[in-house]
1. Of the conditions (1) modelled with pLDDT under 95; (2) buried (at least 23 other Cβ atoms within 10 Å of the Cβ); (3) more than 27 Å from A:Thr151 (Cα to Cα); (4) not hydrophobic (A, V, I, L, M, F, W, C), A:Ser307 satisfies every one except a single condition; which number is it?
2. When B:Ser108 is evaluated against the numbered criteria (1) in the same structural domain as B:His139 (by TED's automatic domain parsing); (2) surrounded by 16 or more Cβ atoms within 10 Å (Cβ to Cβ); (3) small (Gly, Ala, Ser), which criterion, by number, is the only one it fails?
3. How many residues, within segment A:269-298, are within 14 Å of chain B (Cβ to nearest Cβ) and touching a helix residue (DSSP H, G or I) at 6+ places or on another chain (Cβ under 8 Å)?
4. Just a yes or no: is a residue in segment A:204-222 within 14 Å of chain B (Cβ to nearest Cβ) and over 25 Å from A:Val380 (Cβ atoms)?
5. Of everything in segment A:20-39 that's in contact with a helix residue (DSSP H, G or I) (Cβ under 9 Å, 6 or more places away or on another chain) and either of a type in the set (Phe, Trp, Tyr) or part of a helix (DSSP H, G or I) (or both), which residue is surrounded by the most Cβ atoms within 10 Å (Cβ to Cβ)?
6. Those residues that are surrounded by fewer than 17 Cβ atoms within 10 Å (Cβ to Cβ) and either at pLDDT 95 or above or not polar (S, T, N, Q) (or both), I need them from segment B:60-74; list them, please.
7. Restrict the check to segment B:127-136 and report whether at least one residue is of a type in the set (S, T, N, Q) and free of Cβ contacts under 8 Å to residues at least 40 places away in the same chain.
8. Can you tell me which condition B:Tyr22 does not meet? The list is (1) closer than 29 Å to A:Ala37 by Cβ; (2) within 10 Å of chain A (Cβ to nearest Cβ); (3) in contact with a Lys or Arg (Cβ under 6 Å, 6 or more places away or on another chain), and all the others hold.
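The values are calculated or read from the model by the stated rules, or taken from the named source; none is laboratory data. Keep in mind that this is a model prediction, so the values were computed, not measured. We place every Cβ from the backbone using ideal geometry, glycine too, and count neighbours over all the protein chains shown.
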Amino acid sequence: MDRLKDPIELEALIGRLAEAPSPRGRLWVCGGPGCLAAGAGRIHAAIREAAEARGLGDGYRADLTGCLGLCEKGPLVGVEPGDYVVGGVTLEDCEGLVGETLLNGRPAGRRATGADGAIDQGHPFYEPQTRLITRRFGRIVPESLDDYLKTGGYSALALALGRLSPLEVSERVERSGLRGRGGGGFPAGRKWASCRLAEGAVKYVLANGDEGDPGAFMNRSLMEGDPFSIIEGMTLGAYAVGAAVGFVYVRHEYPLSVERLNGAIGSAERAGLLGENILGSGFSFRLETVLGGGAFVCGESTALMASIEGREGQPRVKYVRSTERGLWDSPTLLQNVETWANVPPIVGRGPGWFRSMGTGDNPGTKVFSLVGQVRRSGLVEMPLGTPIRSLVFGVGGGPRPGRGFKAVQIGGPSGGCLPSEALDLPLDFDNLAKAGAIMGSGGLIVMDDLSCMVDVARYFTGFLMGESCGKCTPCREGLTSLHGILDDLCRGRGRKGDPLELGKVASMLSKTALCGLGQSAANPLLSTLRHFGEEYREHAEEGFCRSGRCQGLFWPEINHELCVGCGACLAACPAGAISGEKKAPHEIDLAACVSCGACLPACRFGAARAVRKGARPERRRDS
Amino acid sequence: MSVVDESLVGRILDSRPPEPRYLLPILQEIQAAFRHLPREALLAVAGRLKVPAARVFSVAGFYKALSFTPKGERLLTVCQGTACHLRGAGALVESLEKRLGLRMGQTSGDGRLGLESVNCLGACALAPVVTVDGDVHGHLTPEKAQELV
């Protein structure tokens, strides 16, 4: 693309592209993290091959696109026209997808569409969603600037550079009520105003793409699915606060995100949308990516800046705000990549429009990754303020067959576990904080009755113990001590006073740690202690794990009323302790059972459950 | 100590301006080229960027992606994300450690195979997952994980 010389030329180009005819048929292969892992790259190649073999021209296209959402059914292929998704695609299905679906507009055979058939926008997974940040997923080739422009991209920058002053751009964001999507929900406008007013010859804008929360892939999906939206947002931010240089800090495990962002940055530069004298306005902005080094703490703002500077990613005490003295001691505007992606539509369509979504104090949408023990894992975007229940049970379909809901973990290692009583809570920054969780970056992990809350606390505490940078004593020693107690509880070595002791150490840690990582590190523990105290008591006083998770702290039992004799538990048992005829209730020989719990998740009928351990029956077999 | 290809280190150093901010990316490239950070290379980096060797070593020690000892030629990576944990990643770790005679984070004596963990791959619908040189294998059981070896 030739260099665009002014906003008018850009607007004319956007108009021309938007009116250009669409291909007659199009297959969109999902390039989200889940589908790529499930072989979407090979599916894409096979579809291309099948299309080439038929000599299909430009009227038909098959491209990799951003995340189509319903990871559970991956690999997914989206179909246009028709606007539906085909799940569970195998290499054998590709020929049919090209010959039947692409050419004749007929949904491919049963095999390709799976038991659900074509999954359209009316499916319970898609129907409740509001797509703002993810609106281009499945609509564009992520690295194509033309596709971005065709779908209205860069119209906000054209507007800003053509008709708005930096102050007016900033005020739109300030009035929108946008809150930071990376964790705490700090009002974005306050940061913008503070950085805009800060004095400094040099200022920086930064994007946090160091998505370290386990079970979270929203940021990755965004960086790989619509990289230009982040770049345009940052360009608008740089214009508003007067920055000339920006960095996107990307998690070490996401090399593809860096590749997509770098590709998009290159295209934007060639078109005159980044670099010197953008759109002839005299405003210049250079953007670079920085690949992280594999340290969770670098998601913390001051650690992230230290890492960009080429130092150890250790946080500092925030006497001074980063908006006044951040990167290289200059005023710095740092926001999560999703926050940045909200900026173009806010500037382009106005704060009033943005506030029409979500609630008063929590306007807009939020992207969630819904995973764990739920029927439909996937990437979901909902208006803020949506009750947790509609996400977990509506979109996600609730717990898997035979299982009951126990908790939903929100906010990653700094977040908390909420019980079923909290299901009607609106998902927004303030309500979650009140309930003892946080929004975090938007990871929602569903836990069922086989998930032990003490084990979950041990998991997160262990995770943070490994990721603590070690600079301050409360975090370094506190987490080690908490993890030791939790590990004892899970191994049947608990003592009566343990829950109390955990609470004391956790409270010390929260109050005295240096940075956000340490201050929030006890949240998974504190929230499970608060909502599931009985499980802690059982571990500590009875050596009993009701979830059948902590090995040796329970006996498995099969309820004969519920057992259908499917044999799944028998196949899963590594000790050969289960016997029974097909279609007849099965038996567990406790003398042979090793109390590993493998039979419990294998049962889809809720017949296998954990019970308190009595005396072990005498061994009847030699072993 | 292995013999270090100095010209390769030189090319990596030449590819960027000699500014301290490039310390991490330079170390990442050296790690990719040698599968670890040889001492000689670290000293060369310190000299070129004009930063104390102590800072180079401390940055090298801080980031998990960087390693002073060689990583395996082939890598078996067990995802330890929350979804994988809930669906039994712990049992996979146990079974792989036993089968390979390696602990998580270790490399086999001949340098051929490394066993590692990652915090999350974002393939939660396939949980629990293990990658072999980047190829993802999902819905694993301890038995199926053994077959990967």
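1. (1)
2. Going through (1) in the same structural domain as B:His139 (by TED's automatic domain parsing); (2) surrounded by 16 or more Cβ atoms within 10 Å (Cβ to Cβ); (3) small (Gly, Ala, Ser) one by one, B:Ser108 breaks only (2).
3. Number of matching residues: 10.
4. Going through segment A:204-222, the residues within 14 Å of chain B (Cβ to nearest Cβ) turn out to be A:204, A:206, A:209-222.
After this cut, where a residue has to be over 25 Å from A:Val380 (Cβ atoms) as well, the list is A:204, A:206.
Looking through segment A:204-222, at least one residue is within 14 Å of chain B (Cβ to nearest Cβ) and over 25 Å from A:Val380 (Cβ atoms).
5. Ranking the candidates gives A:Gly34 first.
6. Correct list: B:Gly61, B:Phe68, B:Pro70, B:Glu73, B:Arg74.
7. Filtering segment B:127-136 down to residues of a type in the set (S, T, N, Q) leaves B:131.
Then keep just the ones that are free of Cβ contacts under 8 Å to residues at least 40 places away in the same chain; that gives none.
No; the residues of segment B:127-136 include none that is of a type in the set (S, T, N, Q) and free of Cβ contacts under 8 Å to residues at least 40 places away in the same chain.
8. (1)
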